[in-house]
1. Once label points are set 7 Å from the Cα along Cα→Cβ at both residue 135 and residue 53, what is their separation, rounded to one decimal in nm?
2. Full-extension gain between residue 148 and residue 245, please, as 0.36 nm times their residue separation minus the C-alpha to C-alpha distance.
3. Using a probe of 1.4 angstrom, how much of the accessible area of the stretch 278-352 is carbon and sulfur, in percent?
4. Stretch residue 369-residue 34 to full length: gain in nm at 0.36 nm per residue minus the Cα-Cα span?
5. Taking residue 146 as the anchor, which lysines have their alpha carbon closer than 22 Å to its alpha carbon, excluding any fewer than eight residues away along the same chain?
6. Could you tell me which label, among (1) 1.47; (2) 1.06; (3) 0.94, carries the value of Cα Rg over 2.2 N^0.38 Å calculated for this structure?
7. Going down the list 175/251; 76/246; 120/141; 175/246; 220/305; 30/246, which pairs span over 25 Å between their C-alpha atoms?
8. Give me the extension gain from residue 121 to residue 220: residue separation times 0.36 nm, minus the current Cα-Cα distance, reported in nm with one decimal.
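The values are calculated or read from the model by the stated rules, or taken from the named source; none is laboratory data. Everything numeric here is computed off the predicted structure, so don't read it as measured data. Note that we place each Cβ from the backbone using ideal geometry, even for glycine, and neighbour counts take in every protein chain shown. Please note that ligands, DNA and RNA were not included when accessible areas were found on the heavy atoms of the full protein model with its side chains. Shrake-Rupley method; radii C 1.70, N 1.55, O 1.52, S 1.80 Å.
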Amino acid sequence: MSPPFNENVIKLRALIADFIQGRLATKLEKLAADDPKYALLTAQYQYDAWLESAARRVGQIQSVTHTLKAIHPDAKGSNLYVSPGTLTAHPLLGSHDLAGGFQADVVGNAAALDVYKFLKLTDERGNTLLELALADDAALKAALSKDATEAEQWLAAFASLLGSDGALASHPQAKQIYWLTGEDPGNDLHYQVLAPLYASSLAHEVFTRINQHRFGEEAKAAREARRNGHFHETGYCDYPNLAVQKLGGTKPQNISQLNSERGGNNYLLASLPPSWDTSLLSPPLKTDSVFKRFGRRPAVRQTVKALQGFLKAEPPKNLRTRETRFSLTSTLVDELLQFGAEFWELSPGWSQHPDCRLVEEEIFWLDPYRAKSDLDFAERRQQADWPQQIRERFANWLNAQLHKAGLPVGDPEFAQWQKEVKLDDDWRHWLKHLQQELDQLQKELSHD
């Protein structure tokens, strides 16, 4: 139930007065009482005087979602406030994904940013003063001034923070893209000029989330669990080759308010071609099986460790637990298929090298293009049930990994598990899923 109107007015006036007095106290803390500036500032920070100044200065700033100065600090074109909820949704990440909540940015005269901080004040109902101004709230209007005309003018001024800063305009130092919309590239009329802006609210959300993933308490706990070989429910995210773009130099506030809150830091995700591990592209010579090399892959080691820890932790028997186990098993099968495909990049026939000691079923799997020039090899490969044998070798390898963690394991087909070990229904579900994954693995290998 909302408080009575008069009570709302009193509380809003108290909220505003506390803010103004807090700003004044910061200004006066280093001044002596007899300093001429002391009296001047005291007069400027009287309730009505400060609000009159704020209503005048609010025109020097603008609330935006897309900024121009982040592209070039000297550009003086238009900035835009576009509510994410009004944007067309599409599969790619964009500002439309912020429809559930976002932080608006502020651009303009940095000396007037205190007005924005004032408008971000929140009443006990959870509404900001800006939201109340936009709603033409009668209680806020009465709290601003006892003079109805003055209060109306001030409220309208504060509500104008979301308005446009005039006619839309670009600038010579802004980015411009000539996009061909017609059929004739030689005809200037067949182009549309695009002036992209910096999606400041989106950039701030990305920055905030990456920092949570890198430095948040949950992420720290997950990394600590990994170092100690323990299971952790959430895991953590890494961002390889993350770059930081500094905007605004020593004065990030000259770019925007959110840029200032980030200290001028803006994250750039790596956009690079794959960096191939050359060790995986060398023929697997002088070894009787590639599964040792497979087990050394970082992604495989990490997944096996997670699976071992998860199974040993005896997590609760619920849908989330089951899906986690299934996901880890599926990841290992996917890694095996990717691992095998990487050897297909080698020159066909590499397995004919005298130092190749692999069992024949692994040669059939890893050197399939040898069959194009070696007819005897092609015939043996065609007649052999090598996908089934690879499936069994993978199952043996996985058994060995689980055995290292002290988990109950049986033969490659897991037929003995239910005979030798007293399994509950939850384990049986996982074994059934693993059997299905092995069936799918065999099917995928058969269609290389």
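1. Going from the residue 135 label point to the residue 53 one covers 3.0 nm.
2. 30.1 nm
3. 51 percent
4. Contour length minus the Cα-Cα distance gives 111.4 nm.
5. Output for residue 146: 11.
6. (1)
7. Pairs exceeding 25 Å: 30/246.
8. 32.4 nm
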